[in-house]
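Remarks on the structure that follows.
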Amino acid sequence: MSEIRHSLLRRDALSAAKEVLYHLDIYFSSQLQNAPVPLVEKGPIELLEEFIFQIPKDRSSHGKRLGAIQELQLLEILCNYFHEQTKEPVRQVIFNSLFSPQGNKADEPRMALLGKLTSMAVAVCRLPVLESAASWLQRTPAVYCVRLAKALVDDYCGLVPGSIQTLKQIFNVSPRFCCQFITAVAAYYDMSTEDLLPPHDLLEMIVSWIFEDPRLILITFLNTPITANLPIGFLDFSPLMGLVHWCIIAPLAYRRKQKAAGGEPIRDNQNLYSKLHLSVLQGLMVLQTHLTEKGLYGRLALVLFEQLVPLVEELGQLCEELNPLNAEQEMELALDRLAQALQVSMATGALICTRDDLRTLCSRLPHNNLMQLVISGPVQPQPAHPTLTPAYYPHIHTPPLGYPTLPALPAHTALSTHTALPAHTTLPAHAALPAHTALSAHATLPAHAALPTHSPLSGHPVQTFMPGMAFPFRPMR
């Protein structure tokens, strides 16, 4: 690596960047022939930091700073390299070597360049760069992932009005990147303050993606090797939990924002959140099919119970802050959405928990009729299931509490067969009866006089009696 470095020092910044990519391409290609996952040593990282990010090897000296035109040309060099690299493993190793955080002062220019490179890839639809960025989002700590998502939101939702349409089109280019992008965005905009509510254009774009194809939120989960535990500090395998959080907290979060604004009307986007809630529930139904096909129904949870605890606590705090006198409708809507999400998650196998855990979790929330139905759960003994853990919540259509199931009736003993009855003797024929004499005709009765008609009572309408008409049933209200 020292010889390569000395040759690069004699070049200008842009040609040195091209040359270092060329040398590292050869270096990692040879390593991949011997090992499926090459070991990235310190030498290649230092070359990239010095000739791509302009961080000198001597940390005490100041590095050169590229001008705006040079930086744009560097982005074009990187974008073209990843687009032309046909070997997926080599491309991934180079991308990770360039942009994986190292915990040094090169991380700031590294993240800045990654944001600009990804933004350029979105603008020119460079699929290899977007796929590499999706893999980077999956294996990088969440604190860096949300920075990349925020950079894209700033570029396409705030910098140029109407440019959100450019970001929207990548749904047809790289759905995998869209899935990871939604996960990072949902992690950043956690609705904890008014500034962390998702922008309207961003929310509308995400809702349109998921409403068009609810399977989008499952792409990363379905294409990732199954692991026992998610690494701490990394993004989830799916944006599902973040979107559920949005749908449940949104009514109260926007009500809090309106209260802070002095009661003035605000754009609360509740129609979009209702549409998003429906799309998320549809995505859960799709998940049930995949879990069943792979034999993982009731064994692998996508919605972890531990993730529900802070969500329910936040919901309870908002309900206390916004008392029912100020936000009764919003509280009812949030609790209904939570109950629906819990019910569908348990029924589809995305959430595995006991009824006792669910009751304890929701015990401090305000009363809600739908929630009471969900946490009641099944009461009848369930048949043994080969793929489900006993005492968990696979069935929801069962008798309510207070109506125990009927015990099985004992089997009846077989009745003994009867002996054959003797044949009856033939009875003698009866003698013919004598014919009756004809009766004399009755005299015609005189006609009755017509009865006088009664006048209708005052104040009461006249109603004709219809003997064939059934009395209508009127339910008590």
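The values are calculated or read from the model by the stated rules, or taken from the named source; none is laboratory data. Here the structure is a predicted model, which means the values were calculated and not measured. Because the Cβ atoms are built from the backbone with ideal geometry, glycine has one as well, and the counts that use them run over all protein chains shown. The accessibility values were calculated without ligands, DNA or RNA, using every heavy atom of the protein model including side chains. Shrake-Rupley method; radii C 1.70, N 1.55, O 1.52, S 1.80 Å.
Some observations on this one:
- Cα extents of the range 282-385 along the three principal axes, largest first (Å): 48, 29, 21
- Sorted largest first, the spans of the alpha carbon positions of the range 97-241 along the three principal axes are 36, 35, 34 Å.
- Summed residue charge, Cβ within 14 Å of PRO239's Cβ, Lys/Arg positive, Asp/Glu negative: -1
- All distinct Cα pairs of the range 165-310 go into the 1/r average, and the inverse of that average, the Kirkwood radius, is 16.2 Å.
- Trypsin sites (Lys or Arg not before Pro) within the range 64-102, DSSP loop, no more than 15 other Cβ atoms inside 10 Å: LYS64, ARG65, LYS87
- Binning the alpha carbon pair distances of the range 42-116 at 10 angstrom intervals from zero yields the distribution 17, 52, 28, 3, expressed in whole percent.
- Derived from the Cα gyration tensor, the three semi-axes of the equivalent ellipsoid of the range 1-128 are 21, 19, 14 Å, largest first.
- Cβ-defined net charge surrounding LEU278, 14 Å radius [Lys, Arg +1; Asp, Glu -1]: -1
- Residue-normalised accessible area of the range 173-251, expressed per residue, 1.4 Å probe, Å²: 36 Å²
- The GluC sites (Glu not before Pro) of the range 38-134 include none that meets both conditions, a loop assignment by DSSP and at most 11 other Cβ atoms within 10 Å of the site Cβ.
- Charge tally in the Cβ shell below 15 Å around SER208, where Lys, Arg are +1 and Asp, Glu are -1, SER208 excluded: -1
- Size descriptor, Kirkwood hydrodynamic radius, that averages inverse alpha-carbon separations across the range 269-319, Å: 13.1 Å
- Given LYS168/LYS275; LYS57/LYS150; LYS42/LYS105; LYS18/LYS87, the pairs whose alpha carbons are separated by over 24 Å: LYS57/LYS150
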